[in-house]
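Read through the structure below, which is laid out as structure tokens, and then see the notes.
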Amino acid sequence: MNEAMEKQIALLNRMIAESGRIVFFGGAGVSTESGIPDFRSVDGLYHQQYAYPPETILSHSFYMRKTAEFYRFYRDKMLCLDKQPNAAHRKLAELERCGRLTAVITQNIDGLHQAAGSRNVLELHGSVLRNYCRKCGRFYSAEYVKDPGNFPEHDGIPTCECGGNIKPDVVLYEEGLDQDILRKSIQVISEADMLIIGGTSLVVYPAAGLVDYYSGDKLVLINRDATSRDTQADLCIKGNIGEVLDRVIV
């Protein structure tokens, strides 16, 4: 780590030490360090070849029309159930336990923040760990949904005992965000004395617009690549979120 980065890490630690209502807002870059593929990087899912583009497959209308094809992609690329939390997840959980961090807002759907020990996690796009019957509302585990052998008579489409189709509790394209989660996210950001944004390009709306609700003077951006909000940040660190947060002293 070079001298400039060392100075940035030192400043980050000072800002954290002076704060008691920190909110973390994270995107795909938080999970890629655990081996979960993202969408928009050079080697992300958008740049791979499938019969349909990922944004088409992961849409509400595609799920309704071509459910079997949706689940073939979903099982292969979205259900990364063997992945473990990385240094970023663990440090954020530690900051929460010591009373400095009030909430994690995440665009990820993998549940790794909770696996690391974070308790107040606002999942903007839902979670692959929850799956529900569209007919009766019964919930099913991701492990149950992942095995197509559980549904041999339904072309691998997860089916409830009542006969209804099971849908992942994730926000697909063409679907709106959960308004309660969105409201809570706006509230914690507006009350924060420090906002750390990490591992996101800040191009997906309405999630990216949440930054505008922060009115403090400790806006920190940690990302490998430049974002449209870099000039607004009080501290901008170019690097991997796990490597940076691992240097945070709690």
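The values are calculated or read from the model by the stated rules, or taken from the named source; none is laboratory data. Values in this document were obtained by computation on a predicted structure and should not be read as measured data. Using ideal geometry, Cβ is built from the backbone for each residue, glycine included, and neighbour counts are taken over all protein chains shown. We work out accessible area using only protein heavy atoms, side chains counted, and drop any ligands, DNA or RNA first. Shrake-Rupley method; radii C 1.70, N 1.55, O 1.52, S 1.80 Å.
How far, in degrees from 0 to 90, does helix 67-77 lean away from the longest principal axis of the Cα atoms of the chain, to the nearest 10?
40 degrees
Working out 0.36 nm times the residue gap between residue 120 and residue 230, then minus their Cα-Cα distance, what length gain in nm do you get to one decimal?
On the way: separation 110, 0.36 × 110 = 39.60 nm, distance 2.67 nm.
Once the chain is fully extended between residue 120 and residue 230, it gains 36.9 nm.
So what's the back-of-envelope 222 nm ellipticity for the chain, counting only DSSP H runs of four-plus at -39500 (n - 2.57) apiece and dividing by all residues, rounded to 500? Display every interim value, and only then the final one.
On the way: 10 runs with 80 residues, N = 250.
It lands at -8500 deg cm²/dmol.
For 138, 229, 130, give the ranking by accessible area with the largest first, probe 1.4 Å.
Heavy-atom accessible area, descending, gives 138, 130, 229.
How much accessible area does residue 98 have with a 1.4 Å probe, in Å² rounded to the nearest 10?
Estimated to the nearest 10 Å², residue 98 gives 70 Å².
Under the rule of at least 5 residues apart or a separate chain, name every residue whose amide H is placed under 5 Å from the amide H of residue 105.
Here the answer is 24, 25, 26, 122, since their amide H atoms fall under 5 Å of that of residue 105.
Treating only the Cβ of Lys, Arg, Asp and Glu as charged (+1, +1, -1, -1), what charge dipole size does the range 136-243 show about its Cα centre? Round to the nearest 20 debye. Could you put the intermediate results ahead of the total?
Working: 9 positive and 18 negative charges, 42 e Å.
Dipole about the Cα centre, nearest 20: 200 debye.
In whole percent, how big is the carbon plus sulfur part of the accessible area of the chain, probe 1.4 Å, protein atoms only?
Working: 5690 of 11910 Å².
The computed percentage sits at 48.
Please give the solvent-accessible surface of residue 147 in Å², to the nearest 10, using a probe radius of 1.4 Å with every protein chain present.
70 Å²
For a quick check: with amide H placed at 1.01 Å from N, whose amide H comes under 5 Å from residue 79's, ignoring anything fewer than 5 positions away on the same chain?
For residue 79, whose amide H was placed from the backbone, there are no distant partners under 5 Å.
Could you check how many percent of all C-alpha pairs in the range 176-250 are farther apart than 14 Å?
Details: 1726 of 2775 pairs.
Looking at the range 176-250, the distances longer than 14 Å represent 62 percent of pairs.
Working out 0.36 nm times the residue gap between residue 10 and residue 212, then minus their Cα-Cα distance, what length gain in nm do you get to one decimal? Kindly include the intermediate steps, with their values, before the conclusion.
On the way: separation 202, 0.36 × 202 = 72.72 nm, distance 2.60 nm.
So the chain would gain 70.1 nm between residue 10 and residue 212.
Count charges around residue 80 for me, please; just the other residues with Cβ under 12 Å from its Cβ, Lys/Arg as +1, Asp/Glu as -1. Present the calculation step by step, with values, prior to reporting the outcome.
Details: positive: 75, 77, 83, 146; negative: 38, 76, 82, 110.
Net charge in that neighbourhood comes out at 0.
So how far apart, in nm, are the two label points at residue 246 and residue 191 if each is 7 Å from Cα heading toward Cβ?
With each label point 7 Å from Cα toward Cβ, the separation is 3.4 nm.
Between residue 173 and residues 5 or more places away or on another chain, which pairs have amide H atoms under 5 Å apart, with H built 1.01 Å from N, and which residues are they?
So residue 173 has HN proximity to 59, 60.
Could you work out how far helix 87-97 tilts from the main Cα principal axis of the chain, as a 0 to 90 degree angle to the nearest 10?
Result, in degrees: 70.
Quickly work out the residue 61-to-residue 134 label distance, labels modelled 7 Å from Cα along the C-beta direction, and quote it in nm with one decimal.
For the pair residue 134/residue 61, the computed spacing is 1.5 nm.
Applying 1/(1 + (r/R0)^6) with R0 = 25 Å to the Cβ-Cβ distance of residue 21 and residue 203, what FRET efficiency is obtained, to the nearest 0.05?
Numbers: r = 27 Å, r/R0 = 1.07.
The value I calculate is 0.40.
In nm, what is the difference between 0.36 nm times the number of residues separating residue 2 and residue 147 and their Cα-Cα distance? Show your work: numbers first, answer last.
Values: separation 145, 0.36 × 145 = 52.20 nm, distance 4.65 nm.
Separation in residues times 0.36 nm, less the Cα-Cα distance, equals 47.5 nm.
How much of residue 193 can a 1.4 Å solvent probe reach, expressed as accessible area in Å² and rounded to 10?
About 30 Å², ignoring ligands and nucleic acids.
Which entries of 7/91; 66/146; 66/184; 77/238; 184/218 have Cα-Cα distances beyond 25 Å here?
Values: 7/91 20 Å; 66/146 17 Å; 66/184 34 Å; 77/238 28 Å; 184/218 20 Å.
Too far apart for the 25 Å limit: 66/184; 77/238.
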